[in-house]
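Q: Structure below; questions to follow.
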Amino acid sequence: MSYGLFLMSRVCNFMSDITKELHTEHMVINMGPSHPVTHGTVKFVVTLDGETIVNFEVEIGYLHRGFEKMCESGLWEQAFPYTDRLNYVSSMINNVGYALAVEKLIGIDTPERCKYIRVIVSELSRLSDHFTNVAASGLELGAFTAFLYFVEARDLIWDLLESICGARLTSNYVRIGGLKNDLPEGFKGHTARVFKRCRELWIDVDKLLTKNRIFLDRVRDVGIMSPDDAIAYGFTGPCLRASGVPYDVRKAQPYLVYDRMDFEIPIGEKGDNFDRYLVRMEEINQSMRIVEQALDNIPDGPINVDMPEYRWQSKDDIYTKIESVIFHFKTVVEGIKPPEGEVYFAVEGGNGELGFYLVSNGSGKPYKCRVRPPCFPLTAAMPKMVTGSLIADVVPTFDMINMIGGECDR
Amino acid sequence: MIADLIEAVAKILFIFGVNMGFFAPVLGWVERKQSAVMQDRVGANRADIFGFTLIGLLHPVADTIKLLTKEDFIPAGANKLFHTLAPFITLTPALIAFSVIPFGGQYEIYGHTINLVIADLDVGILFIFAFASLSIYGVVLGGWSSNNNWSFLGAMRASAQMLSYEVAMGLAIIGVIMVYGSLRLTDIGAMQENFFKWGIFLQPIGFILFIACATAENKRIPFDIPEAETEIVAGYFTEYSSMKFIMFWMAEFLEMITIAGIITTLFLGAWHIPFISSKMLLSLFSFAGANGATILVMLTNIATFFTKIIFMIWFQMTIRWTLPRFRYDQMMKLGWKILLPLSLINIFITGLVLLL
Amino acid sequence: MELSITLKKLKERFHNSIIDIHSFRGDDTAIVKKEDILRITKFLRDDEELLYNFMMDLTAVDYLGREPRFEVVYHLYSLKYNKRVRIKAPVPEQDCTIDSIISIWIAADWFEREAYDLYGIIFKGHPNLKRILLYEGFKGYPLRKDYPVRKRQPLIGPEN
């Protein structure tokens with residue numbers, strides 16, 4: 001007996017000697033920008049101890065193209081195509097946000113029909129954003145089938161957007177004080193058909209992922225952010241709500257006609273990736289509800305404000321009235337001229353609060369056109385969320401913050 | 001003597017032809033079409049000769065030509081010898097392992113006994129395991145010699161995964177061996193003539209355990225951690241291109257066939273058709289004379305065997321396109337803490353039942 | 001003009017550091033001295049009646065030709081009272097520095113790096129103040145008004 005103990009202690013000593021003398025070193029690897037999970041838009045410098053992340057640095061800027069500088073060198077209305085390319089998965093929300101910010105700066109209110117249509121296109125864009133995000137979360141964990149189901153749904157949504165404005169990705173649809181054109185004929189029926197199919201696909205993906213043990217294991221308890229941390233890091237949108245903070249710009253400071261819509265904002269409990277996934281899945285349903293309500297209640301009427309110094313009048317007027325021609329000429333050549341001042345206006349983008357901070361010096365060009373990108377602070381919190389976990393956990397976490405290069409890097 | 005030689009050569013050519021010439025390329029096509037069906041897509045249908053696409057069947061040909069004509073790239077700082085050796089070490093065991101799997105029973109034709117297996121070893125299962133573990137060397141060598149961090153990580157993951165699942169896999173089929181009392185695969189196959197004596201009924205837990213472990217051995221989703229493309233790019237074969245890449249790729253498909261073959265032999269009644277014994281078959285084909293009937297029975301059995309293999313391959317592909325992948329630590333936990341104890345319990349219960 | 005509670009409290013508490021306040025289009029704005037930015041933001045975050053717990057945005061504006069030339073702009077949001085406020089701190093070109101508020105909101109980390117990157121404003125006390133959107137080796141600060149739109153940058157490459 002005592003001999004056995006002696007032997008045991010000898011073995012233990014020997015083992016501890018081994019661990020002491022074992023020479024290990026950390027491995028530094030560059031994850032990205034051309035790495036499958038980083039989508040070519042970001043680079044992680046990861047220090048690994050085996051498979052565990054010891055240090056994690058994020059380098060962004062690969063898609064930086066000087067959004068602000070470009071906006072400053074163009075007219076106010078010429079910024080719309082640039083805003084399309086911010087969050088290119090939900091470009092309409094960027095359009096709407098910028099238009100609303102400029103309208104706040106000018107101090108105009110758009111007609112009812114225009115507001116409803118803006119709500120519809122915003123929610124359709126949010127759908128496309130969430131579909132893409134949830135789909136990609138499946139893809140990156142290896143569930144390729146779930147990915148393609150939601151990509152089909154996104155494609156149907158893009159068909160709808162295409163029928164509205166003629167473009168699928170870069171819409172350039174909203175104008176200051178109005179819209180480019182009205183909804184097409186039979187849009188309501190088209191939407192109903194698309195949503196029917198989207199709901200079927202939603203159920204399929206729900207079955208494939210939500211109760212899938214492997215998926216749960218991968219996303220649950222990974223990338224946890226407590227409510228306090230999330231607020232301190234400036235989280236907004238689905239990621240903040242997943243942490244249990246009920247902040248949604250659509251509810252907190254309703255713009256357009258969101259106060260008339262009946263919808264709920266889902267809240268997570270833990271703030272892990274699974275909550276983010278669930279929040280997005282539920283927001284898909286809520287967005288579809290909003291679009292249906294808006295289509296049911298949309299009034300008839302004009303879609304543009306009747307202020308020729310800010311919004312072009314119809315071609316009929318331009319061809320027949322001398323004032324309209326003059327205003328048209330002036331707004332095209334010199335641009336609209338908002339009063340001097342500065343405003344900040346926030347809308348709920350696909351990833352969170354999308355704010356525009358505009359400074360006008362009274363000229364036809366923006367003096368400053370700053371956008372507050374929602375995924376910028378989310379990406380900044382990546383080191384906090386993944387340090388100490390395994391390298392495989394980078395995948396769901398990075399996917400669930402839904403970093404969109406065009407928006408983060410501007 | 002010469003008849004034996006001809007028989008052996010014919011069998012080798014048959015298996016080689018079926019595996020390399022039919023399954024390996026066609027599986028690539030099946031995999032694409034299968035996933036396409038599951039995902040509401042059309043799938044591969046573009047490669048054509050004079051406008052005939054043959055529902056995409058030409059894609060394997062196009063792929064092969066493309067990969068053969070690509071540059072065979074060896075990264076700077078790589079160990080050239082091992083880098084070149086690795087795909088061969090991976091491919092060869094995958095090919096050889098099939099040689100002990102019987103694809104039919106024993107038949108008396110014109111006074112000559114034909115045993116439809118290339119090498120009827122009395123330790124057939126052990127032979128398969130021995131060669132399956134050899135393929136680890138190819139993976140580890142490939143990952144280590146590429147001089148790439150991702151490959152290195154992939155090789156580490158692969159070696160850990162394959163070694164730990166080898167244990168559970170070996171234990172999972174001990175139950176089968178205990179039930180049938182033989183290590184010789186032809187014996188095990190012959191004993192499953194009665195439908196209710198199939199391994200899947202006698203060893204249901206062993207069947208599930210074996211499928212799980214075999215998928216892990218083959219490194220396919222949900223166990224494709226060594227080559228998880230969103231985490232470590234392509235794992236151990238990140239730096240491979242051209243023919244060497246296709247060899248890794250073919251090894252994966254061949255292993256799939258081998259796994260399907262083992263599952264068929266051990267659990268799914270080998271070459272037997274449910275409820276129809278060889279005698280019934282013989283009487284059914286009696287119109288062709290004694291030898292003709294035997295030949296027809298033999299062909300039926302071969303067809304049955306490969307139908308089952310195709311079914312199992314289809315099953316593996318369905319899993320592949322349905323599930324996400326595990327995380328490294330979760331997979332190790334599953335292997336050591338769930339599959340291994342379960343297989344031990346399975347052995348224990350089998351032993352108890354056999355004793356009573 | 002009726003002042004909002006935020007501006008009123010700010011004015012009471014920091015009347016020496018407030019340069020100006022206004023509410024254009026309903027956006028409460030306070031222009032403060034840059035020396036007191038830490039004290040003011042801390043007060044805004046911690047005061048029971050304000051609780052501006054979100055730092056939504058941090059950027060800078062270049063008013064070329066005006067003195068002081070730069071303004072660092074903070075947008076804060078109070079979740080509890082559902083209010084926003086904008087704090088602006090003028091920064092002169094000669095002393096292009098301001099205290100980092102990273103100790104108050106960790107979110108300011110990347111926003112300050114971005115403002116440094118594009119405007120060249122130094123945030124004192126920032127632990128990792130380096131370029132974020134642009135690359136190391138970029139010459140100049142592109143969002144300054146005197147940076148030409150079509151300016152070319154020197155080619156950089158690996159050192160060896």
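The values are calculated or read from the model by the stated rules, or taken from the named source; none is laboratory data. Predicted, not measured: the structure shown is a model, and the values here were computed from it. Note that we place each Cβ from the backbone using ideal geometry, even for glycine, and neighbour counts take in every protein chain shown. Quick note on the areas: whole protein, heavy atoms, side chains included, nothing else; ligands and nucleic acids left out. Shrake-Rupley method; radii C 1.70, N 1.55, O 1.52, S 1.80 Å.
Q: For chain A, what does the relative contact order come out to in percent, with C-alpha contacts under 8 Å and a separation of six or more? List each step's numbers first, then the result.
A: Working: 759 pairs, mean separation 98.7, N = 410.
After rounding, I find 24 percent.
Q: Checking buried surface per residue: for segment C:68-82, which residues lose a minimum of 20 Å² accessible area in the protein assembly relative to the chain alone (1.4 Å probe)?
A: C:H75, C:Y77, C:L79, C:N82
Q: What translational diffusion coefficient, in µm²/s and rounded to a whole number, does the Stokes-Einstein relation yield for chain A at 37 °C and a viscosity of 0.692 mPa s, taking the hydrodynamic radius as the Kirkwood radius over Cα pairs?
A: Numbers: Rh = 23.0 Å.
Value of D from the Cα-based Kirkwood radius: 143 µm²/s.
Q: Still on this structure, I have one more. Roughly what % of DSSP beta bridges within the protein assembly as shown run antiparallel, to the nearest 5? Before the final figure, lay out the partial values.
A: Numbers: 57 of 63 bridges.
Taking every DSSP beta bridge within the protein assembly as shown, about 90 percent pair in antiparallel fashion.
Q: Now, a different point. May I ask for the distance between the Cα centers of segment B:82-135 and segment A:37-78, given as a whole number of Å?
A: Answer, in whole Å: 52.
Q: With +1 on each Lys and Arg Cβ and -1 on each Asp and Glu Cβ, and nothing else charged, work out how big the dipole of segment B:219-356 is about its Cα centre, in Debye to the nearest 20. Working shown, then result.
A: Numbers: 10 positive and 8 negative charges, 77 e Å.
Using only the charged Cβ atoms, the result is roughly 380 debye.
Q: Of A:K368/C:K88; A:K315/A:K368; B:K80/B:K244; C:K9/C:K42, which pairs sit farther than 22 Å apart, going by alpha carbon to alpha carbon? Show your work: numbers first, answer last.
A: Details: A:K368/C:K88 15 Å; A:K315/A:K368 31 Å; B:K80/B:K244 13 Å; C:K9/C:K42 13 Å.
In this structure, A:K315/A:K368 lie more than 22 Å apart at Cα.
Q: Calculate, for segment C:5-124, the solvent-accessible area per residue in square angstrom, rolling a 1.4 angstrom probe over the heavy atoms of the protein chains. Don't jump to the answer; show the numbers that get you there.
A: On the way: 4450 Å² over 120 residues.
The answer is 37 Å² per residue.
Q: Distance check, please: which entries in A:K69/C:K130; A:K251/A:K365; A:K115/A:K180 exceed 24 angstrom between their Cα atoms? It would help to have the intermediate numbers written out before the result.
A: Values: A:K69/C:K130 20 Å; A:K251/A:K365 32 Å; A:K115/A:K180 13 Å.
Violating the 24 Å Cα-Cα cut-off are A:K251/A:K365.
Q: Dividing the convex hull volume of the alpha carbon atoms of the protein assembly as shown by its residue count, what do you get in Å³ per residue? Don't jump to the answer; show the numbers that get you there.
A: Numbers: hull volume 235.3 nm³, N = 926.
Once divided by residue count, the hull of the protein assembly as shown is 254 Å³.
Q: To continue, here is another question. In degrees from 0 to 90, rounded to the nearest 10, what is the angle of the helix B:2-16 Cα long axis to the longest principal axis of chain B?
A: 40
Q: Please compute, for peptide C:48-61, the average count of beta-carbon atoms on other protein chains lying within 10 Å of each residue's beta-carbon. Display every interim value, and only then the final one.
A: Numbers: counts 0, 0, 0, 0, 0, 4, 11, 5, 11, 13, 3, 6, 2, 6.
Mean number of neighbouring Cβ atoms from other chains: 4.
Q: Using the Kirkwood formula on the Cα atoms of segment C:56-115, what hydrodynamic radius do you get, in angstrom to one decimal? Each step should come with its number before you reach the end.
A: Values: mean 1/r = 0.0808 Å⁻¹.
Result for segment C:56-115, one decimal place: 12.4 Å.
Q: Moving to a separate point now. Treating the angle as unsigned and between 0 and 90°, give the value, to the nearest 10°, between the Cα long axis of helix A:187-205 and the longest Cα principal axis of chain A.
A: That works out to roughly 0 degrees.
Q: Grab the other residues whose beta carbon is less than 11 angstrom from that of A:I336, score K and R as +1, D and E as -1, and report the net. Please report the intermediate quantities before stating the final value.
A: Working: positive: A:R175, A:R311, A:K330, A:K337, A:K365; negative: A:E77, A:E103, A:E309, A:E334.
Residues near A:I336 contribute +1 overall.
Q: Related question: Would you kindly calculate the translational diffusion coefficient of segment A:260-410, applying Stokes-Einstein with the Kirkwood radius from alpha carbon pairs, for 20 °C and a viscosity of 1.002 mPa s, and quote it in µm² s⁻¹ without decimals? Could the numbers behind the result be given before it?
A: Working: Rh = 19.7 Å.
It diffuses with D of about 109 µm²/s by this estimate.
Q: What does the charge dipole of chain B about its Cα centre add up to, to the nearest 20 debye, if the Cβ of each Lys and Arg holds +1 and the Cβ of each Asp and Glu holds -1? Please report the intermediate quantities before stating the final value.
A: Numbers: 21 positive and 23 negative charges, 114 e Å.
For this selection, approximately 540 debye.
Q: Can you tell which of B:N218, B:L85, B:L95 lies farthest toward the positive end of the dipole of chain B, using +1 and -1 charges on the Cβ of basic and acidic side chains (Lys, Arg; Asp, Glu)?
A: Farthest towards the positive pole: B:N218.
Q: Only Cα pairs under 8 Å and at least 6 apart count here; give the relative contact order of segment B:72-355 as a rounded whole percent. Provide the component values of the computation, followed by the final result.
A: Values: 460 pairs, mean separation 75.1, N = 284.
26 percent.
Q: So, counting K/R as plus one and D/E as minus one, what does the shell of residues with Cβ under 15 Å around B:V140 add up to? It would help to have the intermediate numbers written out before the result.
A: Values: positive: B:R157, B:K219; negative: B:E166, B:E217, B:E227, B:E239.
Neighbour charge sum, excluding B:V140 itself: -2.
Q: Sticking with this one: Where nothing but the Cβ of Lys and Arg (+1) and of Asp and Glu (-1) is charged, how large is the charge dipole of segment B:1-91 around its Cα centre, in debye to the nearest 20?
A: Numbers: 8 positive and 8 negative charges, 50 e Å.
Dipole of segment B:1-91, to the nearest 20 debye: 240 debye.
Q: How much accessible area per residue does chain A have, in Å², with a 1.4 Å probe? Can you show the working numbers first?
A: On the way: 15080 Å² over 410 residues.
Roughly 37 Å² per residue, with all protein chains present.
Q: Over all pairs of distinct alpha carbons, what does the Kirkwood formula give as the hydrodynamic radius of segment A:217-349, in Å?
A: Values: mean 1/r = 0.0542 Å⁻¹.
After inverting the pairwise mean of 1/r, the radius is 18.5 Å.
Q: Here's something else I'd like to know. Take peptide A:340-346, look around each residue's Cβ out to 10 angstrom, count Cβ atoms belonging to other protein chains, and average those counts. Numbers along the way, then the final one.
A: Details: counts 1, 5, 10, 5, 11, 3, 5.
Neighbouring Cβ atoms belonging to other protein chains average 6 per residue here.
Q: Next question, about the same structure. With loop defined by DSSP as not H, G, I, E or B, and exposure as at most 16 other Cβ atoms within 10 Å, which is the longest segment of chain A clear of exposed GluC sites (Glu not before Pro)? Before the final figure, lay out the partial values.
A: Working: sites that count: A:E25, A:E185, A:E264, A:E269, A:E309, A:E334, A:E340.
Of all site-free stretches, the longest is A:26-184.
Q: Can I ask one more? Considering only protein heavy atoms and a 1.4 Å probe, what is the carbon-and-sulfur percentage of the accessible area of chain C?
A: On the way: 3900 of 7610 Å².
Roughly 51 percent, rounded to a whole number.
Q: Using Cα atoms only, what is the angle between the long axis of helix B:59-68 and the major principal axis of chain B, expressed in degrees (0 to 90) to the nearest 10?
A: Between the helix axis and the principal axis of chain B, the angle is about 50 degrees.
Q: So which residue, out of C:V32, C:V73, C:V149, gets the largest mean-square fluctuation from a GNM of chain C using Cα contacts under 10 Å as springs?
A: Its mean-square fluctuation being the largest, the pick is C:V149.
Q: Which value, in Å², gives the accessible area per residue of chain B when a 1.4 Å probe is used on the protein heavy atoms?
A: 43
Q: What is the distance in Å between the Cα centres of segment C:16-65 and segment B:177-215?
A: If we compute the Cα centre of each part, the gap is 75 Å.
Q: Restricting to Cα pairs below 8 Å that are 6+ residues apart, what does the relative contact order work out to for chain C? Please round to a whole percent.
A: Working: 267 pairs, mean separation 27.0, N = 160.
Reported as a whole number, the value is 17 percent.
Q: For segment B:72-355, just the Cα set please: Rg and Dmax, both in angstrom.
A: In order Rg, Dmax, the Cα atoms of segment B:72-355 give 20.5, 68 Å.
Q: Based on the inverse mean of 1/r over its pairs of different Cα atoms, what is the Kirkwood hydrodynamic radius of segment C:5-124, in Å? Display every interim value, and only then the final one.
A: Values: mean 1/r = 0.0699 Å⁻¹.
Evaluated over segment C:5-124, this radius sits at 14.3 Å.
Q: B:W314 versus C:K11, label points 7 Å from Cα toward the beta carbon: distance in nm?
A: Result for the modelled spin labels: 8.0 nm.
Q: What trypsin sites (Lys or Arg not before Pro) does segment B:1-79 have in DSSP loop regions with at most 12 other beta carbons within 10 Å? Can you show the working numbers first?
A: Working: sites: B:K11, B:R32, B:K33, B:R41, B:R46, B:K66, B:K70; in loops: B:R41, B:R46, B:K70.
Here the trypsin sites (Lys or Arg not before Pro) that fit, given the DSSP loop and packing criteria, are B:R46.
Q: Given a 1.4 Å probe and every protein chain left where it sits, what share in percent of the accessible area of segment A:43-140 is carbon and sulfur? Walk me through the numbers before you get to the answer.
A: On the way: 1130 of 2210 Å².
Solvent-exposed carbon and sulfur of segment A:43-140 make up 51 percent of the total.
Q: Cβ under 14 Å from A:S389's Cβ, A:S389 left aside: what net charge do those residues give with Lys, Arg +1 and Asp, Glu -1? Can you show the working numbers first?
A: Working: positive: A:R218, A:R220, A:K384, B:R327; negative: A:D49, A:E51, A:D217, A:D221, A:D272, A:D393, B:E231, B:D329.
Surrounding charge for A:S389 is -4.
Q: Total accessible area buried between chains A and C, 1.4 Å probe, in Å² to the nearest 100? It would help to have the intermediate numbers written out before the result.
A: Values: alone 18160 and 9490 Å², together 24010 Å².
Counting both chains, the buried surface is close to 3600 Å².
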